[in-house]
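Only one structure is covered here, and it is reproduced in the block below.
The values are calculated or read from the model by the stated rules, or taken from the named source; none is laboratory data. Please read all numbers here as calculations on a predicted model, not as lab measurements. Here the Cβ is made from the backbone with ideal geometry for all residues, glycine too, and neighbour counts use every protein chain on show.
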Amino acid sequence: MSDALVGRVLDGRYRVEARIARGGMATVYRALDTRLDRVVALKVMHQLFAENDQFVARFNREAKSAARLSHPNVVAVYDQGEDDGYVFLAMEYVQGRTLRDLLRERTRLTPQEALSVFEPVLAALSAAHAAGLVHRDVKPENVLLADDGRVKVADFGLARAAANLEATSATSLIGTVAYLSPEQVIRGIADERSDVYSAGVMLFEMLTGRPPYDGETAVSVALKHAHEDVPPPSSLVSGIPTSVDLLVAKATARDPDRRPHDAGAFLAEVVRVRGGLVVSEADDGNLTTLINRTLVVELPDTRTVGPNPPWQPEPPEPPEDEYRRPHPHRKGWIAFFIIVLLAAAAAAAGWWFAAGRWTSTPNLTKLSSSAAMEKAKAAHVTVQVGAPEFSSTVPKDAVVEQSPTAAHKVLRGDTVTIRLSQGPQLFQVPKYDPAGGTSLVDYKSELSAAHLNIADPPATQYSPTVIAGNVISVEPAVGQNEKAGTTVTVTVSLGPQPIQIVDYTGQPADQATTALTTAGFNVVPTQDYSTTVKAGSVISQSPNSGTGQLGNTITLDISKGPQLFKVPDVTSNLNDPQSWTSIQQATKTLTDAGFKVKVGASGRFGVVTKETPNHGTMQPLGTVITIYAQ
């Protein structure tokens, strides 16, 4: 199948010559660096990743970290770049194949072969751990076996760049899950001990030809890592030494504190165990020739002594006196004693070299350093104190780990290295913005980086100042030192608390205002005339139902009572006939003004002389005006 990149020159420098391999995250090509005239391996990210700005930024950061790592067993990173949407990494080109290819061909390796490949892998991981870099994806696909016999580890730090992206296929996911440590499965965190776990699983597969767990889904495999112990390789393949079983068991302990603290510590144990195999296990011919040590014991020479040197006189011939001749019985006794002495010397030498010079390492774990030294002295071994190690199970200043382990056969006078416990490793509760600017998602990441857990579900609380979903408080307090895995309770804002809205329509406005203000609302009054609601009471309220939040505005329309109008003057001046107003005229004038009319008394002339309420007073429309006429 043709590949669009083959033949292209990326970044004006790298001419792509051939595709080497394709993985879940990238495709690897052989390319020529035209600037330096050297062959490189070009890892080009798939478009799914290249189009994700967050991934590209993180990928570039991790690539820079990996580029600073220089070690003979690490695939060197030369350059990184982007060209026309292609995000790539230029790396050392290793002519050969992967450990996965070797396992497909051979199925499994002998313990000697497995450890000979495993040592340089751990050497590479040890260099990375010393530089503060965690691989996170140790598996056979990332171990390269060069044609010249070198072993190289690839893709340092690049797994972290893709950690937050979804897998592109179920196959790639299952392939990665096969080597995941329990803490990666349960808490999504990884440190040096996680690489040790993955390396232990890989060693198991090299010895047995298969990973320790399988399943129909990635989840089922992951759960087995979290809740089951890796079986000893000898349970599947006979002939695997107990010392190799113990290597796998220690590296794959589900509790990270029970594993070697980093690849360097694990490498020291592997070197020791492999040294024991050199003595006890024959070379199968597929590895570099092993040096077999042959022990030569000098025994007294029983051969007949030759003639004296020419410068010494010949001894006189013994006389033929029969009494001077050795008696045959005497000769037999002398020969017998010589044979007995030789046998005793041989037996003593055999005992010394076979058993006498050997001793067994005592169990020093959980002892104080002084007690450990006393016990080691009694067992004829010396003690060397190594770097201290954190432990959540062994008291401070007691032995948390020893190498070689207990009951291991060593020469008298050999050294046992012990590590003293520093007690549990403590991590500070991370900071958050007390003003409410830290989201729960961001704080979860901070807790994870600090090896702390979060209470699930988190506590919640209404807050008028912190937006919903952001952190209000944490317990234990920020800066407090806690053991790894400690659960931190995070209180998250639900936003302002909802308040039930009560309808105060028709009720006195001052009472309504007080009640709504007390509930936390901001009251805005308006005023209107009303013929139905008495003055000072609420005509309408908006909103008048449902729920609101602290500080929301509620409008009250307050009644001013009915609108008042001046009563017209319809009375007559009896002395001025021109001003006389008849009942009909008065009624029309008052009616037109919006009032009702009632005739109280009517005289013979029909001239209105009085009205009540009096003219000029302010009355609401519809008020009954009583008129009197003469």
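General observations
- Residues satisfying the criterion are absent from segment 1-19 (criterion: farther than 14 Å from LEU89 by Cα, under 26 Å from the mean Cα position of the chain (by Cα) and at pLDDT below 80).
- Only listed residue being touching a Lys or Arg at 6+ places or on another chain (Cβ under 8 Å) and assigned to a helix (DSSP H, G or I), chosen from ALA222, ALA226: ALA226
- Close pairs (9 angstrom Cβ cut-off, 6 or more residues apart or separate chains): over 11 Å from ALA50 (Cα atoms) in segment 75-87, surrounded by 18 or more Cβ atoms within 10 Å (Cβ to Cβ) and among the polar types (S, T, N, Q) anywhere: VAL75/ASN142
- Segment 505-555, residues that are under 25 Å from LEU494 (Cα atoms) and either assigned to a strand (DSSP E or B) or assigned by TED's automatic domain parsing to the domain that holds PRO464 (or both): ASN522, VAL523, THR547, GLY548, GLN549, THR553, ILE554
- Those residues of segment 460-484 which are closer than 30 Å to PHE390 by Cβ and without any contact (Cβ under 8 Å) to a residue 60 or more places away in the chain, in sequence order: VAL471, SER473, VAL474, GLU475, PRO476, ALA477, VAL478, GLY479, GLN480, ASN481, GLU482
- Where a residue in segment 616-629 is surrounded by 17 or more Cβ atoms within 10 Å (Cβ to Cβ) and its partner, wherever it lies, is outside any strand (DSSP E or B) and of a type in the set (Phe, Trp, Tyr), with Cβ under 9 Å and at least six apart: GLN619/PHE595; THR623/PHE595; ILE625/PHE595; ALA629/PHE605
- Every pair of residues 6+ apart whose Cβ atoms lie under 7 Å, when the first sits in segment 442-456 and is within 18 Å of SER473 (Cβ to Cβ) while the second is part of a strand (DSSP E or B) and of a type in the set (Phe, Trp, Tyr): ALA450/PHE427; LEU452/PHE427
- All positions within segment 196-238 that are of a type in the set (Gly, Ala, Ser) and within 24 Å of the chain's Cα centre (by Cα): SER198, ALA199, GLY200, GLY215, ALA218, SER220, ALA222, ALA226
- Residues in segment 419-433 that are under 20 Å from LYS250 (Cβ atoms), not hydrophobic (A, V, I, L, M, F, W, C) and not in a loop (DSSP other than H, G, I, E, B): 2 in all.
- Qualifying residues in segment 459-484 (those that are surrounded by fewer than 17 Cβ atoms within 10 Å (Cβ to Cβ) and in contact with a Leu (Cβ under 7 Å, 6 or more places away or on another chain)) - the one nearest to LYS431 (Cα to Cα): ASN481
- Check on VAL399, in a strand (DSSP E or B), buried (at least 20 other Cβ atoms within 10 Å of the Cβ) and without any contact (Cβ under 8 Å) to a residue 40 or more places away in the chain: yes
- Residue count, segment 550-596 (criterion: surrounded by fewer than 12 Cβ atoms within 10 Å (Cβ to Cβ) and in contact (Cβ under 8 Å) with a residue 60 or more places away in the chain): 1
- Scope segment 520-549; condition under 56 Å from the mean Cα position of the chain (by Cα) and surrounded by fewer than 16 Cβ atoms within 10 Å (Cβ to Cβ); matching residues: GLY520, ASN522, VAL524, SER542, PRO543, ASN544, SER545, GLY546, THR547, GLN549
- Against the test of being touching a helix residue (DSSP H, G or I) at 6+ places or on another chain (Cβ under 8 Å), not in a loop (DSSP other than H, G, I, E, B) and not assigned by TED's automatic domain parsing to the domain that holds ARG274, the options VAL416, VAL410 yield a single qualifying residue, VAL416.
- Any chance THR491 is surrounded by 14 or more Cβ atoms within 10 Å (Cβ to Cβ), modelled with pLDDT of 95 or more, within 28 Å of the chain's Cα centre (by Cα) and β-branched (Val, Ile, Thr): yes
So that you can scan it fast, the table gives a plain yes or no per residue for (1) in contact with a strand residue (DSSP E or B) (Cβ under 8 Å, 6 or more places away or on another chain); (2) assigned by TED's automatic domain parsing to the domain that holds SER403; (3) under 30 Å from ILE499 (Cα atoms):
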{"position": "ASP433", "(1), (2), (3)": "yes, no, yes"}
{"position": "LEU440", "(1), (2), (3)": "yes, no, yes"}
{"position": "TYR443", "(1), (2), (3)": "yes, no, yes"}
{"position": "GLU446", "(1), (2), (3)": "no, no, no"}
{"position": "ALA450", "(1), (2), (3)": "yes, no, no"}
{"position": "PRO457", "(1), (2), (3)": "no, no, yes"}
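- Residue within segment 25-40 that is among the small types (Gly, Ala, Ser), within 28 Å of ALA131 (Cβ to Cβ) and surrounded by 15 or more Cβ atoms within 10 Å (Cβ to Cβ) present: yes
- In segment 478-488 there is no residue matching the filter, namely being among the aliphatic types (A, V, I, L, M) and more than 22 Å from the chain's Cα centre (by Cα).
- Residue match in segment 358-368 (condition: outside any loop (DSSP other than H, G, I, E, B), farther than 22 Å from ILE418 by Cα and at pLDDT below 85): no
- When segment 47-82 is filtered for residues that are surrounded by 15 or more Cβ atoms within 10 Å (Cβ to Cβ), more than 13 Å from PHE156 (Cβ to Cβ) and out of contact with any Gly (no Cβ under 8 Å at 6 or more places or on another chain), the ones remaining, listed by number, are PHE49, ASN52, PHE55, VAL56, ARG58, ASN60, TYR78, ASP79, GLN80, GLY81.
- Candidate set from segment 384-396 (those that are loosely packed, with under 14 Cβ neighbours inside 10 Å and of a type in the set (A, V, I, L, M, F, W, C)); member that is farthest from the chain's Cα centre (by Cα): VAL385
- The set of residues in segment 445-503 being acidic (Asp, Glu) and assigned to a loop (DSSP other than H, G, I, E, B) consists of ASP456, ASP503.
- Residue that is surrounded by the most Cβ atoms within 10 Å (Cβ to Cβ) [pool: residues in segment 240-254 that are in a loop (DSSP other than H, G, I, E, B) and in contact (Cβ under 8 Å) with a residue 60 or more places away in the chain]: ILE240
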